[in-house]
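Engineer: Right, I'll just put the structure down here and ask away after.
Coordinate-derived values only; no laboratory data. Source: prediction; values computed, not measured. Every residue, glycine as well, gets a Cβ built from its backbone with ideal geometry; the counts of neighbours run over all protein chains shown.
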Amino acid sequence: GDSVTQMEGPVTLSEEAFLTINCTYTATGYPSLFWYVQYPGEGLQLLLKATKADDKGSNKGFEATYRKETTSFHLEKGSVQVSDSAVYFCALMNSGYSTLTFGKGTMLLVSP
Amino acid sequence: EAGVAQSPRYKIIEKRQSVAFWCNPISGHATLYWYQQILGQGPKLLIQFQNNGVVDDSQLPKDRFSAERLKGVDSTLKIQPAKLEDSAVYLCASSSPRSSGTAYGYTFGSGTRLTVV
C-alpha cells in the first residue's frame with residue numbers, strides 16, 4: 001500500500017538557518033504530494049502541494065519539488081523564523097482517491 | 001467561509017466507557033472524513049463519507065467504533081467500549097473539488113483530544 005517516510009525529529013535550528021525536512025514516498029500510480037503544518041494547539045493546515053512530477057510547490061518561503069525519479073518531496077526554507085516552530089507532515093493522495101496518507105511528522109524547533 | 005467544527009475539544013474517559021464526537025463540515029462539502037492521530041504519528045483515515053453514504057471504512061475497528069452521517073451534513077463518531085490505545089486526537093475533515101485555496105478543498109477541524117485512563 002501507499003506509505004510516506006519522513007525524517008525523524010525534532011529538528012532544532014537557530015533563527016535564519018536553512019531548513020530541510022526529508023520526505024520519501026511509496027505509491028502506485030501518480031500521487032499528488034502535500035506538506036501540512038500543525039502549530040501547537042491548532043489543526044492541520046495545508047502548507048503547499050504538487051500534483052505532478054517536477055512541480056514545485058511554494059508558500060510562505062517554503063518550497064518542495066516533486067521528484068518522481070527519487071520518489072521524494074523534501075521541504076526546504078532558506079531562513080527559518082521562531083514562528084515556524086511546528087510539526088510538519090508530508091502526505092500523499094493517490095489518483096482516483098481523495099484520502100490522504102500521512103508520514104509520522106517532523107517537529108521543528110527554532111530558537112532566537 | 002466557516003471552518004470545520006468539532007466538539008468536544010477535549011474528553012477524558014475511563015476504559016470500557018463510551019464516547020461520541022461530533023463534526024459539522026463546511027457548508028456544501030459532500031465528502032467528510034474522520035482521521036485518528038495517535039501521539040507521535042501522522043493522521044490515519046478511519047472512515048470516509050460521500051454525502052450520507054460510506055465510501056471507505058476499511059480501517060475502522062468496527063467491533064468498537066461506529067460512525068454515521070445522517071442527512072449528509074453533520075457526522076458523529078462513537079467508540080464503545082473505549083480502550084487505552086484509543087487515546088488520540090480525532091480529526092474531522094471535509095472536502096469539495098470545487099473549493100479553492102486548499103488541496104481539493106480539504107479542510108481539517110481542530111480535533112477532539114481523547115484520553116482513556
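Engineer: What ranking do B:27-33, A:6-12 get when scored by the average of other Cβ atoms within 10 Å per residue, highest first?
Structural biologist: B:27-33, A:6-12
Engineer: What do you get when you divide the Cα radius of gyration of the protein assembly as shown by 2.2 N^0.38 Å, with N the number of residues?
Structural biologist: Working it through for the protein assembly as shown, the quotient is 1.02.
Engineer: Return the single residue from A:Thr28, A:Thr65, A:Thr101 with maximal mean-square fluctuation; model: Gaussian network over chain A, springs between Cα atoms under 10 Å.
Structural biologist: A:Thr28
Engineer: Moving on. When only alpha-carbon atoms are used, what values of Rg and Dmax, in angstrom, describe chain A?
Structural biologist: According to the Cα coordinates of chain A, Rg and Dmax are 13.4, 44 Å.
Engineer: Based on DSSP, what percent of beta bridges with both residues in the protein assembly as shown are antiparallel, to the nearest 5?
Structural biologist: Looking only at bridges with both residues in the protein assembly as shown, the antiparallel portion is about 90 percent.
Engineer: What does the average come to when, for each residue of peptide A:31-41, you count the partner chain Cβ atoms lying within 10 Å of its Cβ?
Structural biologist: Partner-chain Cβ atoms within 10 Å, mean over residues of A:31-41: 2.
Engineer: Return, for the Cα atoms of chain B, the radius of gyration and Dmax in Å, separated by a comma.
Structural biologist: Looking at chain B, its Cα Rg and Dmax stand at 13.6, 42 Å.
Engineer: Against the 2.2 N^0.38 Å scaling, with N counting residues, where does the range A:29-84 land? I'd like the Cα-based Rg ratio to two decimal places.
Structural biologist: Scaled against compact globular proteins, the figure is 1.20.
Engineer: Please average, across the residues of A:100-110, the number of beta carbons from any other chain that are within 10 Å of each residue's own beta carbon, and give a whole number.
Structural biologist: Per residue, the average neighbour count from other chains is 3.
Engineer: What is the Cα centroid distance between the range A:1-52 and the range B:4-58, reported in whole angstrom?
Structural biologist: Taking the Cα centre of the range B:4-58 as reference, the centre of the range A:1-52 is 22 Å away.
Engineer: Comparing B:Ile12, B:Ile38, B:Ile26, which has the greatest mean-square fluctuation in the GNM of chain B with Cα pairs linked when under 10 Å apart?
Structural biologist: B:Ile12
Engineer: Using a 7 Å offset from the Cα along the Cα-to-Cβ direction at both A:Arg67 and A:Ala53, what is the distance between the two label points in nm, to one decimal?
Structural biologist: Placing both labels 7 Å beyond Cα along the Cβ direction yields 1.4 nm.
Engineer: Report the FRET efficiency, 1/(1 + (r/R0)^6), for A:Asn22 and B:Leu70, where r is their Cβ-Cβ distance and R0 is 30 Å, rounded to 0.05.
Structural biologist: That pair, A:Asn22 with B:Leu70, gives E of 0.10.
Engineer: Let me ask something additional. I need the calculated FRET efficiency for the pair B:Val54 and B:Lys83, taking r as the beta carbon distance and R₀ as 25 Å, to the nearest 0.05.
Structural biologist: Result of the calculation: an efficiency of 0.65.
Engineer: Moving to a separate point now. Just to compare against my own numbers: the Cα pair-distance distribution for the range B:33-95, 5 Å bins, whole % per bin, please.
Structural biologist: 4, 18, 30, 26, 15, 6, 1
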